[in-house]
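Data block below; observations after.
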């Protein structure tokens, strides 16, 4: 059977599962009820990110469970996150399973052979980014658009030089695209939920670390720099205000843009994805061209994104 036909069959299977999940979610009451901190105003099915998880499960089953520890990490985080979507769990429980998931992808990447002092900052970065992916999933389209841009970029790099099984990237891309069919709307049929944002987050972290060590540079981490900056700036602001950073809020720039401008959720999501696309274009240049001091240029790019974030937030506030 040709790969294209397999991709088509997988896409059809995901659509069938999606409609089945919608029926089950309505019956079981897996519904996101908006409150004063929500960016949406209508009751919407949550947990639609299960489509992404299923796409990866299909990949693992049809490819002899390649990357087994990644598969286990995805499964564990998907289960605990789906439970959290149904009945909110404590922060401590979520962090324990996130800790376990990150350790599993470290094991998959053979990172435990590195010095302990080298692993600590990588682990802190991964744990922070995993939660930032969760925090940033607050409006229609933002998780889907952003993830499609990131995975699409990695597919392009993998085409230039094969680093990883391309099917892993394609199945993930298909999963996000099918999810997007139901989410990229003014009135979304379902949200990703924690099962979507957390599993997508750990999957992208695995890919970016994999590419970083294969290319012997951490520059590929810029492929999630827009999320990193918005999440990082917001966390620092909330810490300075002595707020609990794990509590729901409306402090992110993307939330401010939907509140205080005429931009719709999908337009804001498209802006974020477009900015990340431009950053990715620059990042590919830094990786594959002989650039003097790419780390300095990467830092300048991050500082530029941070400055823009702060300036826009202040303008919206005033």
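The values are calculated or read from the model by the stated rules, or taken from the named source; none is laboratory data. Since the model is a prediction, treat every value here as computed from it, not as a measurement. Cβ: placed from backbone, ideal geometry, glycine included. Neighbour counts: every protein chain shown.
In the set (1) at pLDDT below 95; (2) over 26 Å from residue 140 (Cβ atoms); (3) surrounded by fewer than 16 Cβ atoms within 10 Å (Cβ to Cβ), the condition left unmet by residue 315 is number (2). Taken over the stretch 164-195, the criterion of being more than 25 Å from residue 98 (Cα to Cα), surrounded by 23 or more Cβ atoms within 10 Å (Cβ to Cβ) and out of contact with any strand residue (DSSP E or B) (no Cβ under 7 Å at 6 or more places or on another chain) is satisfied by 178 alone.
Of all residues in the stretch 72-86, those that are farther than 15 Å from residue 102 by Cβ have Cβ atoms under 7 Å from Cβ atoms of residues that are surrounded by fewer than 21 Cβ atoms within 10 Å (Cβ to Cβ), 6 or more apart or on another chain, in 83/89; 85/30; 86/30.
Taking the conditions exactly as written (surrounded by fewer than 18 Cβ atoms within 10 Å (Cβ to Cβ) and in contact with a helix residue (DSSP H, G or I) (Cβ under 8 Å, 6 or more places away or on another chain)), does residue 76 satisfy them or not? Before you say what the answer is, go through the steps one by one.
Details: surrounded by fewer than 18 Cβ atoms within 10 Å (Cβ to Cβ): yes; in contact with a helix residue (DSSP H, G or I) (Cβ under 8 Å, 6 or more places away or on another chain): yes.
Here the answer is yes, as residue 76 does meet what is asked.
Cβ-Cβ distances below 7 Å connect no pair with a first residue in the stretch 182-203 that is free of Cβ contacts under 8 Å to residues at least 40 places away in the same chain and at positive phi, a second residue that is in a helix (DSSP H, G or I) and surrounded by 24 or more Cβ atoms within 10 Å (Cβ to Cβ), and a separation of six or more residues or different chains. Note on the stretch 289-312: among residues that are within 27 Å of residue 159 (Cα to Cα), in contact (Cβ under 8 Å) with a residue 60 or more places away in the chain and surrounded by 13 or more Cβ atoms within 10 Å (Cβ to Cβ), the one that is farthest from the chain's Cα centre (by Cα) is 294.
Yes or no, residue by residue, for (1) in contact with a helix residue (DSSP H, G or I) (Cβ under 7 Å, 6 or more places away or on another chain); (2) surrounded by 22 or more Cβ atoms within 10 Å (Cβ to Cβ):
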position: 107; (1), (2): yes, no
position: 113; (1), (2): no, no
position: 117; (1), (2): no, no
position: 124; (1), (2): no, no
position: 128; (1), (2): no, no
position: 133; (1), (2): yes, yes
position: 138; (1), (2): yes, yes
position: 151; (1), (2): yes, yes
position: 154; (1), (2): yes, yes
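Residue by residue, here is whether (1) touching a strand residue (DSSP E or B) at 6+ places or on another chain (Cβ under 7 Å); (2) surrounded by 18 or more Cβ atoms within 10 Å (Cβ to Cβ); (3) free of Cβ contacts under 8 Å to residues at least 40 places away in the same chain holds:
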residue: 226; (1), (2), (3): no, yes, no
residue: 245; (1), (2), (3): no, no, yes
residue: 248; (1), (2), (3): no, no, no
residue: 257; (1), (2), (3): no, yes, no
residue: 265; (1), (2), (3): no, yes, no
residue: 276; (1), (2), (3): no, yes, no
